[in-house]
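*Asks:* Okay, handing you the structure first.
The values are calculated or read from the model by the stated rules, or taken from the named source; none is laboratory data. All values derive from a computational prediction rather than experimental measurement. A quick note on method: Cβ atoms are made from the backbone with ideal geometry, for glycine too, and the neighbour counts reach across all protein chains shown.
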Amino acid sequence: MIPVSEATTSVSTLELLAPAGTLQTFTAALQAGADAVYVGAPGFNARALVRDFSLAEIAAMTEQAHAHQKKLYVAMNSLIKEDEIPGALETLTTLAAISPDALIIQDLGLLYLIRRFFPQLKVHASTLMTVNHSAAADYFAELGFERIVLARELSFAEIYTIHQHTRVELEIFIHGAMCFSYSGLCRFSSLYGGKSSLRGRCVQPCRRRYEWSRQERKKSGRSGSGSYIFSMNDLCGIDYLAEARAAGVVSLKIEGRLRSVEYVRNTVRAYRLALDTLDDGPKRRTAVLAEAHRLLDAAMGRKRSSGYFIAGREDKMMVPHLSGSMGTVVGKVSRLDIVRHKGGTTGANMQVKVQTPIRVGDRLRLYEERTGERKNFTLRRLFVRQHPVLSADKGQTASIHLEGHEWGSLRQPFRGLLFRVDIGTRTEKTAAPLTHRLKHVPLHSPSGNVLQPALEVLAFETEGDARSEQQSRRRRSTGLREHLPAEKPMEWWLKVRTIDSLTLRFPFKIARVVLDMNRENLEQVAAGRRNRQSGSMQLVWALPPVMLDTELSWFRKVIGELQEQGEDHFQISHIGQLGLFPEYGRDPGSRQVQLYGDYTCNVLNSAALHLYETRGVTGIQFSLETDQSTLTAALTHYQRSRPHRLAGPMQIGLYVHGRPPLFTSRLAAPHFKGQRGFISPRGERFYLNHGEDAVHVHSYVSFSLLPHIKELRCAGINYVVVDISQGQPKNMGVEMRALLAGRGTLPAHSTGNYISGLS
């Protein structure tokens, strides 16, 4: 624990940052005492809102916030697909004219665009960038970030260590929903749902009900009823504000751009009250915190815990027998009938034994336990004993009538719960002062139109643009050619758990072997157990995606020792890990090591490729979540926009086979003990893998793009990575041969979003 006496931030400068997903919540947040508000940029924020703010509304909110000496931040924090770059540039152009206090971003391609074309915009690093150690924080300062929203998986002691070793501002989430996986490392929703959490479209697989497999139930003696094994309680740090201040943070952030006006109002009031009395006496503080907790209860969130703030309280972070839905349980749905009316309209009649009183106008959520599907609605028609009523009390059996085609898709027989997520007793008029302030905002910044020059630099050719055709003719006349696979054959890289796996035969020639940088592998190599096959191959030492400050000295030591032994190929899993190679220069001729980036670097567009190239990276894997069109377009634009450079192009890789982690979590929950396999409501089979510092979730079905290997070569991929670190290597070899042959019935495999498209 950090000594509270070591506080470096006063109450007056400890910013209370509130969310807003509507004009009403924006106004409510300011009225309740927020120092700053963050909102989403239309179409590019990591929350799939029912309705995005318009840029005119963002301009009006910025003006109103500044008029009251408050700040407004714009979250433009989703990953950007290649075809979205023109729209992102237009949005940046307008935001440059609006001048919010900062943009919160995740995509390094956006950072590249902002630094090159909109240097006046300040940028904050989103929590989706998974910054959890001081080397990364310091490197982000070098990249130009003024503030970092740290990973939510850190204790106050770890936050304090980062604060001591970096010059960049630190922001933390102090309240709200928590994900089971590290933010930025969750691929469950994307690869098993088609909707990327990194693009604000998460289908919340961690909130679903799962069952341990039959074998696991037999070993543990548990029943097969299933539970919410990954559903986290909400984070609540209201009892630890002094510790947060002592840790050196400058901003306390409340999660909840999807939540209601009442949730935001009550939560902001609670934290404002607690912050304003932070230095009062014990008696006063006890009374204030009691009132603050009452306000948080009224906000109707999930069950609360202190998250990772206080070490040793991990058992408080989950209650697996409770549903993962937020709000107050109204009751279990005893019956739900689909009603199909004449004329084709659809509705539903629902019966529920009321545990919490409800009334017409309340905002409710229907939760399907088997699929995890959630449907929100406002209660309009309520019946008790077939009589219409305005309210129903605890103990009564209520009937709720619903209308709309969306109810016809509910699974039958229905099994689920009903929650109240907001009360309906207030009529919100708080947004009225904003409506008359909405005004036209010029599309282009005062410094001139940078949109077209930016698109030209990135080699985008807009339809009907005469200059695009002139550029194409100029490329052809000067003999500049696209990067062809025949000029440099595609390499096959093999990722293994240990070098013992290299005794097997594989259906391709291995150019490089990727080894995790851990003690077991280091000891094997040091003992000279590299067999004849591995001896002729180049080892690439892979850093893990998650590091903590307590581990940095060990990794720095090992990197130095490996370099002394002639090992000069390393793979980073996060751009902040470049800070572990201080001697790494941008001049290729002066490099002592070759650095490659893993798919966890989340590169999804050509602008991000350019950013990594400017940092001197030798090669980088494109995003595992990509679809075919995004990959092809990004590689085309990248190659077209760089033929004038003297240095060779950065190599582009792609993960094409394996069982990648779907969740990567710090939490080894007590109910995981002795458990491994589990089954989703759809019958999909997964398993837990307990590592030294993280818990991973994998599918038993391999992700594979091997049937598409020829088109990947034609797209310009320089190297592909086959991962046999999960599963039985011999069985995976048989599987790979069949997928590469492409004949007959192929083994069960997933192509992720490559064919179906990324949402």
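*Asks:* Can you name the residue in region 496-517 that is surrounded by fewer than 18 Cβ atoms within 10 Å (Cβ to Cβ) and not hydrophobic (A, V, I, L, M, F, W, C) and is also nearest to residue 736 (Cα to Cα) among such residues?
*Replies:* Result: 507.
*Asks:* Hey, residue 658 hits all of (1) of a type outside the set (Phe, Trp, Tyr); (2) under 30 Å from residue 319 (Cβ atoms); (3) modelled with pLDDT of 95 or more but one; which does it fall short on?
*Replies:* Status for residue 658: all satisfied but (2).
*Asks:* Something else now. Which condition from (1) of a type outside the set (Val, Ile, Thr); (2) modelled with pLDDT under 90; (3) out of contact with any strand residue (DSSP E or B) (no Cβ under 7 Å at 6 or more places or on another chain) is the one that residue 385 breaks?
*Replies:* (2)
*Asks:* Could you tell me how many of the residues in region 267-322 are loosely packed, with under 14 Cβ neighbours inside 10 Å, more than 24 Å from the chain's Cα centre (by Cα) and among the small types (Gly, Ala, Ser)?
*Replies:* Residues meeting the conditions: 4.
*Asks:* Would you mind stating whether residue 46 is assigned to a loop (DSSP other than H, G, I, E, B), in contact with a Ser or Thr (Cβ under 9 Å, 6 or more places away or on another chain) and of a type in the set (A, V, I, L, M)? First the steps, then the outcome.
*Replies:* On the way: assigned to a loop (DSSP other than H, G, I, E, B): yes; in contact with a Ser or Thr (Cβ under 9 Å, 6 or more places away or on another chain): yes; of a type in the set (A, V, I, L, M): yes.
Yes; evaluated as a whole, the condition is true for this residue.
*Asks:* On the given criteria, is residue 130 touching a residue at least 12 places away in the same chain (Cβ under 8 Å) and at positive phi? Can you show your working first?
*Replies:* On the way: touching a residue at least 12 places away in the same chain (Cβ under 8 Å): yes; at positive phi: yes.
It is true that residue 130 is touching a residue at least 12 places away in the same chain (Cβ under 8 Å) and at positive phi.
*Asks:* Okay, moving on. Just name the residue that is farthest from the chain's Cα centre (by Cα) out of those in region 506-529 that are among the charged types (D, E, K, R) and assigned to a strand (DSSP E or B).
*Replies:* So in region 506-529, the residues among the charged types (D, E, K, R) come out as 509, 512, 516, 519-520, 523, 529.
Narrowing the set further to residues that are assigned to a strand (DSSP E or B) leaves 512, 516.
Numbers: 512: 30, 516: 23 Å.
Only one residue fits best here, namely 512.
*Asks:* Additional query: State all residues of region 67-88 that are in contact with a helix residue (DSSP H, G or I) (Cβ under 7 Å, 6 or more places away or on another chain) and either within 19 Å of residue 631 (Cβ to Cβ) or surrounded by fewer than 23 Cβ atoms within 10 Å (Cβ to Cβ) (or both); if no residue qualifies, say none.
*Replies:* So in region 67-88, the residues in contact with a helix residue (DSSP H, G or I) (Cβ under 7 Å, 6 or more places away or on another chain) come out as 68, 70-72, 74, 76-83, 85-86, 88.
Passing the criteria: 68, 70, 71, 78, 79, 80, 81, 82, 83, 85, 86, 88.
*Asks:* State all residues of region 165-190 that are of a type in the set (A, V, I, L, M), in the same structural domain as residue 147 (by TED's automatic domain parsing) and over 16 Å from residue 256 (Cα atoms); if no residue qualifies, say none.
*Replies:* Scanning region 165-190 gives 168, 170.
*Asks:* Moving on to the next point. Give me a count of the residues in region 388-417 that are outside any loop (DSSP other than H, G, I, E, B) and modelled with pLDDT of 90 or more. First the steps, then the outcome.
*Replies:* Keep residues of region 388-417 that are outside any loop (DSSP other than H, G, I, E, B), which gives 388, 391-392, 397-403, 405-409, 416-417.
If we keep only those that are modelled with pLDDT of 90 or more too, we end up with 388, 391-392, 397-400.
Selection size over region 388-417: 7.
*Asks:* Of these, 660, 649, 670, which one is in contact with a His (Cβ under 9 Å, 6 or more places away or on another chain), surrounded by fewer than 19 Cβ atoms within 10 Å (Cβ to Cβ) and not hydroxyl-bearing (Ser, Thr, Tyr)?
*Replies:* Numbers: 660 fails: surrounded by fewer than 19 Cβ atoms within 10 Å (Cβ to Cβ); 670 fails: in contact with a His (Cβ under 9 Å, 6 or more places away or on another chain).
Being in contact with a His (Cβ under 9 Å, 6 or more places away or on another chain), surrounded by fewer than 19 Cβ atoms within 10 Å (Cβ to Cβ) and not hydroxyl-bearing (Ser, Thr, Tyr) holds for just one of 660, 649, 670, which is 649.
*Asks:* Follow-up. Tell me, yes or no, whether region 69-86 has at least one residue that is under 28 Å from residue 249 (Cβ atoms) and free of Cβ contacts under 8 Å to residues at least 24 places away in the same chain.
*Replies:* Taking region 69-86 and keeping what is under 28 Å from residue 249 (Cβ atoms), we get 69-79.
Filter once more, keeping what is free of Cβ contacts under 8 Å to residues at least 24 places away in the same chain: 69.
Yes, region 69-86 has at least one match.
*Asks:* Identify all residues within region 363-388 that are over 30 Å from residue 210 (Cα atoms) and touching a residue at least 24 places away in the same chain (Cβ under 8 Å); write none if there are none.
*Replies:* Step one: list which residues in region 363-388 are over 30 Å from residue 210 (Cα atoms), which gives 380-388.
Passing the criteria: only 382.
The rows are residues; the columns are (1) in the same structural domain as residue 153 (by TED's automatic domain parsing); (2) touching a Pro at 6+ places or on another chain (Cβ under 6 Å); (3) surrounded by 14 or more Cβ atoms within 10 Å (Cβ to Cβ); (4) under 30 Å from residue 312 (Cβ atoms).
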| position | (1), (2), (3), (4) |
| --- | --- |
| 694 | no, no, yes, yes |
| 708 | no, no, yes, no |
| 712 | no, no, yes, no |
| 727 | no, no, yes, no |
| 731 | no, no, no, no |
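*Asks:* Hey, another quick one. Go through region 272-308 and give me each residue that's in a helix (DSSP H, G or I) and among the small types (Gly, Ala, Ser). Quick ask: steps written out before the conclusion?
*Replies:* Of all residues in region 272-308, those in a helix (DSSP H, G or I) come to 272-276, 282-298.
Those that are in a helix (DSSP H, G or I) and among the small types (Gly, Ala, Ser): 274, 287, 290, 292, 298.
*Asks:* Does region 132-160 hold any residues that are part of a loop (DSSP other than H, G, I, E, B), of a type in the set (Gly, Ala, Ser) and under 26 Å from residue 695 (Cβ atoms), and which are they?
*Replies:* The answer is 151, 155.
*Asks:* So which residues in region 174-196 are out of contact with any Cys (no Cβ under 8 Å at 6 or more places or on another chain), of a type in the set (Phe, Trp, Tyr) and over 14 Å from residue 703 (Cα atoms)?
*Replies:* The one that is out of contact with any Cys (no Cβ under 8 Å at 6 or more places or on another chain), of a type in the set (Phe, Trp, Tyr) and over 14 Å from residue 703 (Cα atoms): 182.
*Asks:* Right, another one. Could you tell me whether residue 689 is more than 29 Å from residue 203 (Cβ to Cβ) and either under 29 Å from the mean Cα position of the chain (by Cα) or modelled with pLDDT of 95 or more (or both)? Please lay out each step first, then the result.
*Replies:* On the way: more than 29 Å from residue 203 (Cβ to Cβ): no; either under 29 Å from the mean Cα position of the chain (by Cα) or modelled with pLDDT of 95 or more (or both): yes.
No: the conditions fail for residue 689.
*Asks:* Please give the number of the condition residue 682 fails out of (1) surrounded by fewer than 20 Cβ atoms within 10 Å (Cβ to Cβ); (2) farther than 18 Å from residue 513 by Cα; (3) over 25 Å from the mean Cα position of the chain (by Cα).
*Replies:* (3)
*Asks:* Continuing with the same structure: Would you check if residue 36 is assigned by TED's automatic domain parsing to the domain that holds residue 13, under 25 Å from residue 543 (Cα atoms) and over 19 Å from the mean Cα position of the chain (by Cα)? Walk me through how you get there before you give the answer.
*Replies:* Values: assigned by TED's automatic domain parsing to the domain that holds residue 13: yes; under 25 Å from residue 543 (Cα atoms): no; over 19 Å from the mean Cα position of the chain (by Cα): yes.
Considered against the rule, which asks whether it is assigned by TED's automatic domain parsing to the domain that holds residue 13, under 25 Å from residue 543 (Cα atoms) and over 19 Å from the mean Cα position of the chain (by Cα), residue 36 comes out as no.
*Asks:* Separate question: Taking region 228-254 as the region of interest, how many residues are among the β-branched types (Val, Ile, Thr) and under 25 Å from residue 165 (Cβ atoms)? Break it down stepwise before answering.
*Replies:* Residues of region 228-254 that are among the β-branched types (Val, Ile, Thr), as a first pass: 229, 238, 249-250, 254.
Remaining after also requiring under 25 Å from residue 165 (Cβ atoms): 249-250.
Of the residues in region 228-254, 2 are among the β-branched types (Val, Ile, Thr) and under 25 Å from residue 165 (Cβ atoms).
*Asks:* Enumerate the strands (runs of 3 or more DSSP E) found wholly within region 320-381, keeping only those where 1 or more residues are on the phi < 0 side of the Ramachandran plot, in contact with a His (Cβ under 6 Å, 6 or more places away or on another chain) and modelled with pLDDT under 85. Talk me through it step by step, then tell me what you get.
*Replies:* Values: elements: 328-340, 346-353, 363-368, 374-378.
Strands (runs of 3 or more DSSP E) meeting the threshold: 346-353.
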